[in-house]
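Here is the structure we will look at, set down as structure tokens.
No lab work stands behind these numbers, since they all come straight from the coordinates. Source: prediction; values computed, not measured. Here Cβ is always computed from backbone atoms with ideal geometry, including for glycine, and neighbour counts include all displayed protein chains.
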Amino acid sequence: MDNILPILVADAPDALTELCGINLVERLLRILQRLGFRRAIVFSSTPEIIGAELAKRSWAREQITAQLVPTAAESVTAHRILEQGQTTRFLIVPANVYCDRRLLVALSAKNSPSVLVDSNPPQFVQHLIQNPSGPALVTRDFLLACSDSAPVFEELKQKTDAREIDTVDAAKVDDYIVSMRRHVRPLCFPAPQERRLAERIILDAAQKGTLDFPAYVHAPIETAIVALLCKTRITPNQVTIAGFIIGCGATAAFALGRVGLGLLAALAFGIVDGLDGKLSRVKVETTERGKWEHHLDYLIENSWWTAIAFHLWQSAQFPSAFYFLALLIGSHLLDEFVKRRAKMATGRLLDDVAPFDRAFRLIAARRNVYVWVLAGGPDNGRNSEGTRFARARISLPRTRTGFSTSSEALTAQ
């Protein structure tokens, strides 16, 4: 964000209201860092309290410098803001609000002074919405024309009421998030008034859309767990490591023919795998390295199918297992290639292009679906030594439509 200096107005206790484990001023600084800002000014009439909070070490905002400016009891004026540097534009945000990052992006994209409003807020937050909502983008020329003594927020409100300043309407900001495969309405409102509501909004916004059927079962379980984890010191990376250990445990169990144990680990992995990403979004702890986590997931799940194929081949129960493994992995690679081409052409993930694609994903060939099919197969768990694999065979009885494959053969493959 070139030539923009963020200005936060943070007064205790409102700015220290905790939402999902982190307070509002910390959340705003984390968001600003991920938008590319490396410096922010924090005005506060309670500098000792806010200063103590800013002094705490936080790896999630270590790349942004927060400079505390005491304001005693007076409100922040245009003159005080101009003293902070020669920047041409200033992004002013009161630190007592929950604000979606997309709204800050929309404001930062403006070249003229603009305030954030919401012309059509959802009913469940209608009583909290204020117009203007608080955040605003102002230019140096705008501040030079303001009174030296009048609070800058009063100046902005007066110009908004007189329609002498541009607006960014939250109701008109694109609410579709490609990576989340869903629409999420961006909101900005004073969080201290409705802390529980704000936390529900944050948790809901962290949930991806267009899921397979097992993931719809996992989703509320994951959300309930994340609601607890976010208020602890547990980090997304630690959750990822735990998931990796569980996934490797499933691989070892499958390779040794311990099907029941392997399936229990795989089912647990299906839930744990959704926690790290959701936790990082809730606590604004996303990183560039975190975007590669799904590659680790892909490696783990393919190790399961490889372990199953190895056991079937080694025990001579299914000598051609590796041919089917190659077919499975090859089909998935082809699927990824088609999805990438579809995203380049449509700007959306293939699973969310049309209603048919969204419906098909419910039962599409994915890790969760495979594991649930295996878990629901016959003879599952009867013998801890893996006799389920020993009895696996292909049976092709005739039907009126041709041939069918027995459930035991499907499980073996």
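Tabulated results
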item	result
At 1.567 mPa s and 4 °C, Stokes D of segment 40-191 from Kirkwood alpha-carbon radius, µm² per second	77
Between helix 321-346 and the chain: long-axis angle, C-alpha atoms, 0 to 90°, nearest 10	30
DSSP-assigned coil residues among trypsin sites (Lys or Arg not before Pro) in segment 135-194, each with at most 13 further Cβ atoms within 10 Å	R163
Degrees separating the helix 195-205 axis from the principal Cα axis of the chain, which is the longest one	50
Segment 27-91: GluC sites (Glu not before Pro) falling in loop per DSSP and having at most 12 other Cβ within 10 Å	E62, E74, E83
Spherically averaged projected area in nm², based on the convex hull that wraps the Cα atoms of segment 37-129	7.9
Convex hull projection area averaged over all views, segment 177-237, Cα basis, nm²	5.3
Mean Cβ count within 10 Å, highest first, over the residues of peptides 129-139, 199-209	129-139, 199-209
Where only alpha carbons of segment 144-283 are counted, the Rg and the Dmax (Å)	22.4, 78
Count of lysine pairs in the chain with Cα separation under 27 Å (8 or more residues apart, or interchain)	28
In nm, spacing of pseudo-spin labels at A52 and A268 (7 Å Cα→C-beta vector)	4.1
Furthest towards positive pole of dipole, V152, A109, Q126, structure part segment 49-158, Cβ charges	A109
Computed over the chain: relative contact order in percent, which uses C-alpha pairs under 8 Å that are six or more apart	14
Segment 156-292, dipole about Cα centre (Lys/Arg Cβ +1, Asp/Glu Cβ -1), debye to the nearest 20	240
Length gained when the stretch A354-E83 is fully extended (0.36 nm per residue, less Cα-Cα span)	92.3 nm
Rounded to 5, the percent of DSSP beta bridges in segment 28-148 classed as antiparallel	50
Förster-model FRET efficiency, 51 Å R0, I363 and R38, C-beta, rounded to 0.05	0.65
Segment 123-171: GluC sites (Glu not before Pro) in DSSP loop, at most 15 other beta carbons within 10 Å	E164
Cα-derived Rg to Rh of the chain, Kirkwood definition	1.10
Cα-centred dipole magnitude for segment 1-56, charges only on beta-carbon of K, R (+1) and D, E (-1), debye, nearest 20	320
Isolated Cys residues of the chain, judged by Cβ distance under 4.7 Å to other cysteines	C146, C248
